[in-house]
1. Tally up the residues in segment 2-23 that are at negative phi and part of a loop (DSSP other than H, G, I, E, B), please.
2. If you check every pair at least six apart or on different chains, which have Cβ atoms under 8 Å apart with a residue in segment 30-54 that is under 20 Å from residue 64 (Cα atoms) and without any contact (Cβ under 8 Å) to a residue 40 or more places away in the chain first and a residue that is in a helix (DSSP H, G or I) and charged (D, E, K, R) second?
3. Could you run through segment 63-85 and say how many residues are under 18 Å from residue 13 (Cα atoms), among the small types (Gly, Ala, Ser) and out of contact with any Lys or Arg (no Cβ under 9 Å at 6 or more places or on another chain)?
4. Which members of segment 15-55 meet the condition of being more than 24 Å from residue 91 (Cβ to Cβ) and either at pLDDT below 95 or of a type in the set (Ser, Thr, Tyr) (or both)?
5. Would you mind stating whether residue 93 is free of Cβ contacts under 8 Å to residues at least 24 places away in the same chain, charged (D, E, K, R) and assigned to a helix (DSSP H, G or I)?
6. Looking only at segment 7-29, count how many residues are β-branched (Val, Ile, Thr), touching a residue at least 12 places away in the same chain (Cβ under 8 Å) and over 18 Å from residue 73 (Cα atoms).
7. Looking at segment 60-72, I want the residues that are closer than 14 Å to residue 44 by Cα and among the hydrophobic types (A, V, I, L, M, F, W, C) and have a partner that is at pLDDT 95 or above and assigned to a loop (DSSP other than H, G, I, E, B) with Cβ atoms under 7 Å, at least 6 apart or on another chain. Which pairs are those?
Amino acid sequence: MIIRIHETDLQGRPVRCTGEFFFGQTNSDIVEGMKLNPFTASMTQADFMRQTLAGIGIDIQLADDPELAAEQFLWALVGNKYAEIYTKEQYAEWERY
């Protein structure tokens, strides 16, 4: 799975064609990659997801199952235009430029 998390403008709106790519075999792999920075690395996956969603004004109840919660989290980001899922072909095309 390849997902691109978009940067935001000064008003907190996602900016298409920007952001970092994350790669993983599972949804949880992607979330773990997203939390690898000095400010969030020590957080639990659930706390990281809740804090991230609250910070951008998305209020959803995440499942207790970690993999399902990660899936819900990522789809909430995609559904609100904060992230975009790429196929391997789309990513290869992006890499060429």
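The values are calculated or read from the model by the stated rules, or taken from the named source; none is laboratory data. All figures in this text were calculated on a predicted structure; none of them were measured in a lab. Note that we place each Cβ from the backbone using ideal geometry, even for glycine, and neighbour counts take in every protein chain shown.
1. Qualifying residue count for the region: 9.
2. If the second residue must be in a helix (DSSP H, G or I) and charged (D, E, K, R), the pairs left are 45/32.
3. Looking only at that region, the number is 2.
4. Listed by number, the residues that qualify are 38, 39, 40, 41, 42, 44, 55.
5. yes
6. Number of matching residues: 1.
7. Hits for this filter: 69/62; 69/63.
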